[in-house]
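These notes concern the structure reproduced below.
The values are calculated or read from the model by the stated rules, or taken from the named source; none is laboratory data. Note that the structure is a prediction, hence the values are computed from the model and not measured. So basically every Cβ, Gly included, is an ideal-geometry build from the backbone, and we count neighbours across all protein chains shown. Each accessible area value is taken on the protein alone, full model and side chains, heavy atoms only, with ligands, DNA and RNA left out. Shrake-Rupley method; radii C 1.70, N 1.55, O 1.52, S 1.80 Å.
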Amino acid sequence: MSIEITEKCINCGACELECPNQAIYEGGKKWRMSDGTSLKKNEILDPTIFQEPKKKDIYFIVSEKCTECVGFYEEPQCIIVCPVQCCIPDTKNYENKKDLLKKKNFLHGNLS
Ligand code: SF4
Ligand code: SF4
């Protein structure tokens with residue numbers, strides 16, 4: 001499953017720097033699937049289109065890009081670095097390890 005950020009976030013920005021998928025954005029920022037990934041525009045999808053922010057006032061995680069750090073690290077890096085423990089498993093977006101690896105390969109091709 002992906003990770004989500006709770007209302008306890010103090011907007012320190014530490015997690016954003018650690019995410020290997022650039023799945024974490026500051027509140028109010030637009031995001032793109034192509035940010036920090038190797039996704040390119042093709043006939044079926046355009047990952048360079050800016051999407052509306054998921055949160056206005058606190059940092060948010062784009063579940064479509066979060067792989068729980070699978071393929072890069074043993075543990076979710078945002079959970080490790082967050083000083084106020086507000087990065088938690090998002091139970092609404094359950095994915096097993098195989099799905100997460102598939103997502104990582106989709107986002108980055110064969111790069112690791
Ligand atoms: Fe990014 Fe990893 Fe946190 Fe997901 S778990 S948001 S991939 S740092
Ligand atoms: Fe918010 Fe924690 Fe990320 Fe800091 S590390 S921006 S407190 S979620």
_Count of region 29-66 residues which are part of a loop (DSSP other than H, G, I, E, B), open to solvent by less than 60 Å² (accessible area, probe 1.4 Å) and among the hydrophobic types (A, V, I, L, M, F, W, C)_ = 5
*Working only within region 67-91, note down all residues that are among the β-branched types (V, I, T), surrounded by fewer than 15 Cβ atoms within 10 Å (Cβ to Cβ) and in a loop (DSSP other than H, G, I, E, B).*
V84, T91
*Could you check how many residues of region 92-112 are among the aromatic types (F, W, Y) and part of a loop (DSSP other than H, G, I, E, B)?*
1
*Please work out if S38 is over 13 Å from the mean Cα position of the chain (by Cα), more than 13 Å from ligand 1 (Cβ to nearest atom) and of a type in the set (S, T, N, Q).*
yes
